[in-house]
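The values are calculated or read from the model by the stated rules, or taken from the named source; none is laboratory data. All of these numbers come straight from a predicted model, not from anything done at the bench. Neighbour counts are summed over all protein chains in view; Cβ atoms, including those assigned to glycine, are modelled from backbone coordinates with ideal geometry.
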Amino acid sequence: MIQPPKESAESGEGVFVTTRWSIILSASDSESDEQRAREALTELCRTYWRPVFLFVSRNGYSIEEAQDLSQDFFVMILESNWLKQADQHRGRFRSFLLKSLQNFLGHARERRGAIKRGGRVEFVSWDDWMAEAPSQLSIAAERLDSLPPECLFDMRWAATVVEHALQRLREECEGRGRLRLFETLSEYLASDRCDVSYADLASVLGISEAMVKKQLHNLRQRYRWLLRDEVAHTVDNPADVDDEIRHLCAVLAGGG
């Protein structure tokens, strides 16, 4: 679960770099950065396709229709003047993407007809997206039926943030020969957990309890930094990071 970190964005690696969202916004006024912005936008789309697909399918479309409409939505924002409009609504990429998606679905039939007449341009192979690592977010069927699409979109978005932060942490640990450490301690990264048995973990890892506590503390610190970094990529103002994290915490908590 996301934890609202007390630390700053600094963790021995400097403050936040220019965000992908900022690159996208700045490109609306600069042709020289257009390719860079499109690459950033493509990455964001590939990262956050799950919330889009879940929102579309929750609006009464079949899986096949939701796949097609999600693809069409990504094509639309990449091929249209969507970037030119972004500066008028700058802020959280999550909110802007959801608003754009709602508008898109409002004219879905007309758009589908235009695409069929003009020929489809595939943004990326859907099979490639579906082949990615399975989501760690599990939503009970009754919750899927009772929650509004907007809430499901935010839940899926929040889960994606967590999953990407965890994947980055896993890759870092693996690169340093500490994959077993990550796999053993990763389920204890939420600092509000009170069921940590340091003695059991020490026995599994073959290290002292004091070392387990130190390693878990370090992993939690790094995990929080990576969460902040993931969120920072989707807001224009770094001052909005904490508010966005609090919102995503509330969404996950509310989703049970």
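Is it the case, given these coordinates, that residue 216 is without any contact (Cβ under 8 Å) to a residue 40 or more places away in the chain and buried (at least 17 other Cβ atoms within 10 Å of the Cβ)? Walk me through it before giving the result.
Values: without any contact (Cβ under 8 Å) to a residue 40 or more places away in the chain: yes; buried (at least 17 other Cβ atoms within 10 Å of the Cβ): yes.
So residue 216 passes the test.
Do we find that residue 58 is under 16 Å from the mean Cα position of the chain (by Cα) and modelled with pLDDT of 60 or more in this structure? So that I can check it myself, show each step before the final result.
Details: under 16 Å from the mean Cα position of the chain (by Cα): no; modelled with pLDDT of 60 or more: yes.
No; evaluated as a whole, the condition is false for this residue.
Scan the range 230-239 for residues that are of a type in the set (D, E, K, R) and either more than 14 Å from residue 163 (Cβ to Cβ) or in a strand (DSSP E or B) (or both) and report the count.
1
Restricting to the range 204-224, count the residues that are part of a helix (DSSP H, G or I) and more than 22 Å from residue 172 (Cα to Cα).
Result for the range 204-224: 2.
Hey, does the range 195-209 have a residue that's free of Cβ contacts under 8 Å to residues at least 40 places away in the same chain, more than 24 Å from residue 102 (Cα to Cα), surrounded by fewer than 18 Cβ atoms within 10 Å (Cβ to Cβ) and under 24 Å from the mean Cα position of the chain (by Cα)?
There is no residue in the range 195-209 that is free of Cβ contacts under 8 Å to residues at least 40 places away in the same chain, more than 24 Å from residue 102 (Cα to Cα), surrounded by fewer than 18 Cβ atoms within 10 Å (Cβ to Cβ) and under 24 Å from the mean Cα position of the chain (by Cα).
Which of the following residues is within 20 Å of the chain's Cα centre (by Cα) and either modelled with pLDDT of 80 or more or not in a helix (DSSP H, G or I) (or both): 65, 43, 132?
132
Pairs under 8 Å by beta carbon, first residue under 14 Å from residue 93 (Cα atoms) and hydroxyl-bearing (Ser, Thr, Tyr) in the range 221-242, partner modelled with pLDDT under 85 and surrounded by 23 or more Cβ atoms within 10 Å (Cβ to Cβ), six or more apart or different chains?
Every condition considered, the pairs that remain are 234/21; 234/93.
Give the residue, chosen from 227, 252, 201, that is within 24 Å of residue 170 (Cβ to Cβ), at pLDDT below 90, assigned to a helix (DSSP H, G or I) and not β-branched (Val, Ile, Thr).
252
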